[in-house]
Each structure stands twice: as structure tokens, then as C-alpha cells.
Amino acid sequence: MNRKELAEIRNHFDPEAKYFTMERVLTAFVDTNRNVRGMTLRYATSVPGVETRILYETMKKVMNLNLGKQSSELPFREHAYGDDGIQTALTALLASELKDEELMQQFLTKLAETVDSDAPYAVLAAYCKYDTPKKNKMGDLDAEFSDQVFKYLVFALCPVKKKESMLIYNQFDDEILQFEDQNAVLSKAPSDGFLFPVFSDRATDVHHVMYYTKTPNEPNENLVSSFLECDAEPPVEADQQGMKEILGTLLGDTLTYETVTKVNEKLGEIVAKNKTDDAPTEVTGRILHRMLSEAGVSEDKLVDTEKVFSEHVESTLKPERLVAPKTVIKTPEIVVNVKNSAKDKVRLETVGGRRCMIIELDEAVIEVNGYDLKVPDGTAQQDVPWDE
């Protein structure tokens, strides 16, 4: 399931979407003792309008397009296909169209018993249909329907918090008083979620599940490994650390600011291309060799690129996990954030025997703590302490 296919499903996850129908919805609560409470199965058409919109907004977040970071397509392990396996259970739920309360209760009980959580959470789910339209020669959706209907389940796990005691103004008695709200509030930002089956090659694939996490560096390993019976991808930080080790081994002290920013630029180009390609590009040793060469690294330092890459990475790296949205320069005392579009305005040089970071400015005025300050034009004598 590539980004384009996930986007197609996500874009049609809307009550007004032409080819989409949400038929049944589930809401349930799991308390701190792992008890399933308040389970409700309803036809989507019976849900009040305001509540429906919230359900759509919340579950749609599970279909996050940030593939490789927050969303990952994971294959089931062999045991998942057994009588007590999760793939078997999900397939049965899909076939039931969320109409079998006993089946749903068993599923939620297993989820509550397996997922380790110190805090209560809500489970929102839906059974949906997407009447997959054909695509014309230009790649656009055609008005003519195909004979395929993509049926799927989407689950969102949402943290629940109780409101704290507060003071409120009671307009009827014209007084301010303490208010205790015993109800809990569901976050509209799921911590985790999953979609089954996946939509690969614009067709149903029951051998994978799309897992979503709000925190890419802290995925719910218990949910992925023990409940969904999949092998979780390593945290994003692990891939980033792998790339750092590769560059450190290849270039050592010769690694420059220009090389780091140029490689990030190349990664950004691949990510942009992957958004429209049916077969996304992943970083291999050969691709990294090319990126470093284009960044100006001499060939003698790149001879062992593929060998070093294979020593630090099992197969490939996803560029979406490596690309930095901005250039961040840190020292023990200073942190500078630079838009990638302005990375060439920063230089690292030695001035008067001191190592310096020089930032070119387009304007004569900069803002510091909200104050507009004029940058000296250099005509007046300036004290340069490192020249003394």
C-alpha cells in the first residue's frame, strides 16, 4: 500500500464522498483494570450528526500519509492465521460487518488483556465500503465503477482523561463555585490505530495491516507484536542513528555542513517523488553513494559505501524516516533553526583564529525576543574579542 493508495482511501473517508459508505460504528471504553465497558454497535446512519463528524475526524487520523514514520504496512506472522490468530479474528469481524456483538466483545477483551496501558482509553471503529472506481488513461478516477468493492475496518485507540476540578460561573445563581465533572474526555488524536485489510495495487490485501502511531519513536510494541502479531519496524531514531554511523564511518572528521545539508536535500527530493510513485524509492548503499558523490564527496572516500551501508543496515532505509524538515544547528549554548530553503545562507568558517558560524542576512533588521534590531552596517569600529 503506497502513499497514493492510502491517500485514495483517506480522501474518500468522508460522509459526502462519492464512492464511500460507512455502515457500522463501534464505541467502547477500556478502564485501568482492562475491563471493556460501554460497548456500543450502531448503524452509522443512526449516529447524531455532530457525533458522526467527530467519529470521522478521529478515525481518519489513523490513515496518516506519513508512511515510514507514523504509518507502517506490516505483514502478519504465521501464527496470526491460526484458529486463535489475529488475522483470523479480523477476517471474521470483517465478514460480520460489525453486526456480531459476541464476536466484537471477544475481540475487545483480547485487545484489553493484551495491550499494556496504565491509563484508560476508548476504542472507536468502523466497517466501511469503498466502491473502487476505475482509472482512466490519465490516472484519474473514472465515473464508471469497477466490479470490486474494498471492504475494510478502521480502529482508533484514543486516550481518555478526567477533567480536573475547576471553578465555574453559575449564571442562574450569579455566583462562582467549584465544579466536579465525573465524566471523562476522549482525545480526538488517537495514540494508535490500525486498518485492515490494506489497499494494495488498488485491491484487497488480507495479509497485511496498516498500523498508525502518534509517536513514531515510541510505537506501541505490545499492540503491534503481541496483539496484531506483526514485527514492528525499528523506531525512527534507530534508522537516523544508522545513517549517522554510516556517514561517520565513511567521512569521519571530513563530514561537512554542506554535505549534511546536500544529502538532506536529496532525501527530500526522493520523498517528494515517492508521494506520486507507485513503487517508492528506498535508500540503498548504491543510492547513498550517488547522493554523496553529488554532494561533492571525493570518490576515494566512497569506495566502501555499499559495504559500510550493509554493515549498519539490514536491507534498506526509508527516506521519509531520514529527511529533516529543517536544518538544526546546535552548540552547548546556542540552537539555530534554519529553513531548508535558506541552508546556503549559513557558513562554518574560522575568523581571527576562532571557529564561527556565519549567517547571511537579506534584511538590515532582525527580531530578537520580539524586538526589531538593526544590524550594524560594518562602517563603525567593532570590537572583535578574538582578535585581541
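Running a GNM on the chain with Cα contacts under 10 Å, which residue among Gln106, Gln87, Gln240 ends up with the highest mean-square fluctuation?
The residue with the greatest mean-square fluctuation here is Gln106.
If we count every other residue with Cβ under 15 angstrom of Leu103's Cβ, Lys/Arg +1 and Asp/Glu -1, where does the sum land?
Every neighbour counted, the sum reads -3.
Suppose we take every Cα in the chain and form the convex hull; what volume per residue is that in Å³?
245 Å³
Scattering from the C-alpha atoms of the stretch 237-322 alone, worked out with Debye: what is log10 I(q)/I(0) at q = 0.11, 0.16, 0.17, 0.23 1/Å?
-0.27, -0.58, -0.65, -1.21
What length, rounded to one decimal in nm, is gained on full extension from Thr114 through to Ser200, with 0.36 nm per residue of separation minus their alpha-carbon distance?
That works out to 28.1 nm of additional length.
Quick one: helix 86-96 against the long Cα principal axis of the chain, what's the angle to the nearest 10°, folded into 0 to 90?
Helix 86-96 and the main axis of the chain meet at about 50 degrees.
In a shell of Cβ-Cβ distance under 13 Å around Glu311, excluding Glu311 itself, what net charge do Lys and Arg (+1) and Asp and Glu (-1) give?
Result for the local shell: -3.
What value, in deg cm²/dmol to 500, does the helix sum -39500 (n - 2.57) over DSSP H runs of n ≥ 4 give at 222 nm once divided by the residues of the chain?
-8000 deg cm²/dmol
Taking Cα centroids, how far is the stretch 74-105 from the stretch 333-370 in Å?
56 Å
Beyond 30 Å, how much of the Cα-Cα pair distribution for the stretch 3-233 remains, as a whole percent?
More than 30 Å apart: 27 percent of the Cα pairs in the stretch 3-233.
Taking Cα atoms, how many degrees apart are the long axis of helix 236-251 and the longest axis of the chain, rounded to 10 and kept between 0 and 90?
So the inclination is approximately 30 degrees.
Helix 285-294 versus the longest principal axis of the chain: what angle, 0 to 90°, nearest 10, using Cα atoms?
Compared with the principal axis, the helix lies near 40 degrees.
With labels modelled as points extended 7 Å from the Cα through the Cβ direction, what inter-label distance (nm, one decimal) is found for Glu349 paired with Leu65?
My value for the distance between the label points is 4.1 nm.
Between Asn222 and Gln241, with labels modelled 7 Å along Cα→Cβ, what's the label distance in nm to one decimal, could you check?
Here the answer is 2.3 nm between the modelled labels.
How far is it, in nm, from the label point at Glu306 to the one at Ser187 when both lie 7 Å from their Cα along the line to the Cβ?
Rounded to a tenth, the inter-label distance reads 4.5 nm.
What aspartates and glutamates does Lys343 reach when the alpha-carbon gap must be under 18 Å and sequence neighbours fewer than 8 apart in one chain are set aside?
Lys343 reaches Glu258, Glu265, Glu269, Glu294, Glu360, Asp362, Glu363.
What's the extension gain from Arg286 to Glu97 if we count 0.36 nm per residue and subtract their Cα-Cα distance?
63.4 nm
When you count, for each residue, the other Cβ atoms within 10 Å and take the mean per peptide, how do 21-30, 305-314 rank with the highest first?
Per-residue mean Cβ counts within 10 Å order the peptides as 21-30, 305-314.
When only Cα pairs under 8 Å and 6 or more residues apart are kept, what is the percent relative contact order across the stretch 237-322?
Relative contact order of the stretch 237-322: 45 percent.
Can you pick out the pairs among Lys18/Lys151; Lys214/Lys330; Lys151/Lys318 whose Cα atoms lie more than 18 Å from each other?
Lys214/Lys330; Lys151/Lys318
No value in this document is a laboratory result; all are computed from the given coordinates. Being a predicted model, the structure only gives us computed values, none of them experimental. Counting neighbours? That spans all protein chains shown, and the Cβs are built from the backbone with ideal geometry, glycine included.
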